[in-house]
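The values are calculated or read from the model by the stated rules, or taken from the named source; none is laboratory data. Here the structure is a predicted model, which means the values were calculated and not measured. Please note: Cβ atoms are built from the backbone with ideal geometry, for glycine as well, and neighbour counts cover all protein chains shown.
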């Protein structure tokens, strides 16, 4: 299609309203619930202007971009209302739209009123990623929409001309991190450090972060670990014309697992939380002074706005202010905003202690918070303290060391049993692999315990190097017995790679003459001299059905039986025990 025909098509699109709204879901990554939908527009199907890039580029070139944007906005709001979609509606608006003669002030509110749609459900996404937007995005743009009651988001953080300076100047309610920084974040230390810093800044400013362009499970898991709460991308849901997005099952399942893990192995920041009195933004400094007198152990008082913390009043700062000549008489009736400190750490109540520790570590040394403000869905719950966090983490490390095998530092029986119990309770699909060395005692007797320990360390290292820690658990029962609890689908490939590498590496522990003979002569269990071949590895695997096995004891017995069958075969062998079948799957 030539340029003239494309222009005719564009004019027809604008005249007849031939754009179709598509919607992409934005999820709360911590629980899988819908947070909102971003509206994306498409031209006529099977036409050169169906995709947004050629459609909007042509409209920009012909000076009709704002006319197109207004049409897309009307269509998106109407369809969002008709479909009764969940959550917020995110509308893309070019930064320069407000200065355009085509801009109709109050148009969005008029549509919302006509449809009976609450304006609080609308988020205006302002972007300056295009050259024509240079210097077009200003505080006036943000204030214009805020005055009408809309939330304002800055799109594509890290792509525009101003970056962090723009964020600081405009102080938006929401910031969307550009997909460039999300792609391969699980493999890129620089991107990970960048996003961690953004999370810390957002915590201080009380700003919501949304990660764009999540395309893999690994990227998603990394963002969750960093502390990003909201996200969108092809992995979670592609834009579609007739969306039917509800709770994301993967995210919901991960949330359930994290809950069980916290119950069994970790703690959330809620364990540090104490009910601390708070004051509101309309309070005066004299009110804060009274609180400090009533509570001698209180060093900071949270200040709330509609139940959400916005800062603290610190005892020493108030004392210094009131200690100056005429300080009390001059300032005691001043609002608390006069002395409000927003250098605080605010975390959700389900945040793990390790995540809180990471957030504190990322703060600048001279501004590090001693108070930890705990919220539940943004609403104030109480406070924790840095010294309590450090004390509890130390206690947990001691506890972990107590339950770890000293030779490999891998979790021992208690954590293994808890992990199995947690997976049974969650009715998860998993495999338990029991690793055991064949003829290890004769090897120990012949070469000595020091060399035996080196072999155990070799096996532990191979398992740690080959088994992915993503959704899997590695434990060391004791001696030459190891357990891996696999949730990943490629468990067999990982086990076979361990067998392959062990069969090669174990030869390093034998002198040439023993390798030539294929083993050693040593006493057997009955005290008789017998020939024992080069050490080999037996792996017995079971796939326990949570409806049949109620506790970790039952699973342990089943895994021990599978290991027994694997050892009976001899050599480096993988055995999968299947329940209620006449045959079992074997592989060397």
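Taking every residue in the range 540-561 that is under 21 Å from residue 495 (Cβ atoms) and pairing it with any residue that is exposed (fewer than 14 other Cβ atoms within 10 Å of the Cβ), at least 6 positions away or on another chain, the pairs with Cβ-Cβ distances below 7 Å are 545/579. When restricted to residues that are touching a helix residue (DSSP H, G or I) at 6+ places or on another chain (Cβ under 9 Å) and assigned to a loop (DSSP other than H, G, I, E, B), the range 538-552 contains 6.
Looking at the range 312-363, the helices (runs of 4 or more DSSP H) lying wholly inside it that each contain 3 or more residues that are surrounded by 13 or more Cβ atoms within 10 Å (Cβ to Cβ) and touching a strand residue (DSSP E or B) at 6+ places or on another chain (Cβ under 7 Å) sit at 353-361. Scoring residue 574 on the criteria (1) modelled with pLDDT of 95 or more; (2) more than 35 Å from the chain's Cα centre (by Cα) leaves a single failure, condition (2).
When the range 214-243 is filtered for residues that are touching a strand residue (DSSP E or B) at 6+ places or on another chain (Cβ under 8 Å), surrounded by fewer than 17 Cβ atoms within 10 Å (Cβ to Cβ) and in a loop (DSSP other than H, G, I, E, B), the ones remaining, listed by number, are 238, 241.
Restricting attention to the range 387-423, the residues that are surrounded by fewer than 16 Cβ atoms within 10 Å (Cβ to Cβ), part of a loop (DSSP other than H, G, I, E, B) and at pLDDT 85 or above add up to 1. Residues of the range 440-453 that are farther than 21 Å from residue 484 by Cβ and either without any contact (Cβ under 8 Å) to a residue 40 or more places away in the chain or surrounded by fewer than 20 Cβ atoms within 10 Å (Cβ to Cβ) (or both): 441, 444, 445, 446, 447, 448, 449, 450, 451, 452.
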